[in-house]
Amino acid sequence: MELGAGGGEFAITAAKKGYDVTAIELVSSRIDNMKKLNSEHRLIGILEIIEGDFYEVELDKSFDVICYIDGFGIGDDQDQHKLLKRMGNWLRPDGCILIDIYTPWYWASVAGQEMRIGSTLRKYDFDFMNCRMLDSWFDGDGNVTQSLRCYSPQDLKMLLENTGLTLADIKPGGAMNYKTWEYLEHVDINEAMSYMVKLVKE
């Protein structure tokens with residue numbers, strides 16, 4: 001299962017490789033894109049598309065793998081804790097959960113970084129009181145800010161208390177060097193913008 005499946009690129013790729021995938025997405029335009037991709041590609045596995053809020057949707061089945069890529073932290077700690085408990089309830093006994101988590105140290109270090117994408121200005125900032133990265137986009141129509149709660153591995157361990165889940169592995173992600181505009185795919189976790197965790201049942 002993929003939570004926050006977006007336009008379905010990952011879910012479609014997995015189904016093309018023969019996996020049965022349940023993709024949950026809230027945004028209607030992203031669901032439409034997923035359905036379009038589904039009609040354009042020959043899938044070996046089965047793709048089930050669910051339009052809904054993964055904090056509220058009711059599912060009557062369990063999964064070997066649950067993925068949440070580039071989105072964990074949209075709510076507060078209580079929201080994350082609730083979601084982790086839900087994921088644990090959906091997980092099969094020998095399954096695993098894979099989640100991308102943003103690091104506070106990277107996003108604090110790039111606060112103030114600006115870049116221009118066409119006519120749109122993009123700026124990063126960091127809310128130190130609430131440990132949240134802020135990603136703002138400015139254009140002629142106004143501005144939009146995305147925000148994610150960042151967690152250190154120790155913060156995550158505390159968040160996992162009473163969820164029935166435990167941390168099994170951590171894999172650091174990459175980092176962008178804004179002086180050279182080079183993306184570094186392999187860096188130590190103390191330099192990484194995010195890390196992927198593998199969670200299993202206790």
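General observations
- Test: residue in segment 134-147 that is touching a Gly at 6+ places or on another chain (Cβ under 9 Å), in contact (Cβ under 8 Å) with a residue 60 or more places away in the chain, surrounded by 11 or more Cβ atoms within 10 Å (Cβ to Cβ) and under 16 Å from Asp76 (Cα atoms): yes
- Within this structure, Tyr195 passes the test of being under 19 Å from the mean Cα position of the chain (by Cα), in contact (Cβ under 8 Å) with a residue 60 or more places away in the chain and closer than 24 Å to Gly75 by Cα.
- Residue in segment 161-185 that is farthest from Asp100 (Cα to Cα), counting only those that are within 19 Å of the chain's Cα centre (by Cα) and either part of a loop (DSSP other than H, G, I, E, B) or β-branched (Val, Ile, Thr) (or both): Thr163
- Test: Leu199 is closer than 25 Å to Lys123 by Cα, in a strand (DSSP E or B) and either in contact with a helix residue (DSSP H, G or I) (Cβ under 9 Å, 6 or more places away or on another chain) or not charged (D, E, K, R) (or both): no
- The sole residue among Gly142, Gly164, Gly73 that is on the phi > 0 side of the Ramachandran plot, modelled with pLDDT under 95 and not basic (Lys, Arg) is Gly142.
- Only one entry of Asp100, Asp60, Asp79 meets the criterion of being charged (D, E, K, R) and either surrounded by 15 or more Cβ atoms within 10 Å (Cβ to Cβ) or under 19 Å from Pro153 (Cβ atoms) (or both), and that entry is Asp100.
- Scanning segment 186-196 for residues that are hydroxyl-bearing (Ser, Thr, Tyr) and either in contact with a Lys or Arg (Cβ under 8 Å, 6 or more places away or on another chain) or part of a loop (DSSP other than H, G, I, E, B) (or both) yields one hit, Tyr195.
- Residue that is farthest from Ser62 (Cα to Cα), among those in segment 72-105 that are touching a helix residue (DSSP H, G or I) at 6+ places or on another chain (Cβ under 9 Å) and assigned to a helix (DSSP H, G or I): Pro104
- Checking Cys150, Cys67 one by one, the residue that is under 26 Å from Asn190 (Cβ atoms), in contact with a Cys (Cβ under 9 Å, 6 or more places away or on another chain), in contact (Cβ under 8 Å) with a residue 24 or more places away in the chain and not polar (S, T, N, Q) is Cys150 and no other.
- Residues that are among the small types (Gly, Ala, Ser) and more than 20 Å from the chain's Cα centre (by Cα) were ranked within segment 125-160; the one that is farthest from Ile69 (Cα to Cα) is Gly140.
- Candidate set from segment 1-33 (those that are of a type in the set (D, E, K, R) and under 15 Å from the mean Cα position of the chain (by Cα)); member that is nearest to Ile44 (Cα to Cα): Glu9
- For segment 82-95, the condition holds for at least one residue, the condition being that it is surrounded by 14 or more Cβ atoms within 10 Å (Cβ to Cβ) and either within 18 Å of Tyr178 (Cβ to Cβ) or more than 18 Å from the chain's Cα centre (by Cα) (or both).
The values are calculated or read from the model by the stated rules, or taken from the named source; none is laboratory data. Computed from a prediction, not measured in an experiment: that's the story for all the values here. Counting neighbours? That spans all protein chains shown, and the Cβs are built from the backbone with ideal geometry, glycine included.
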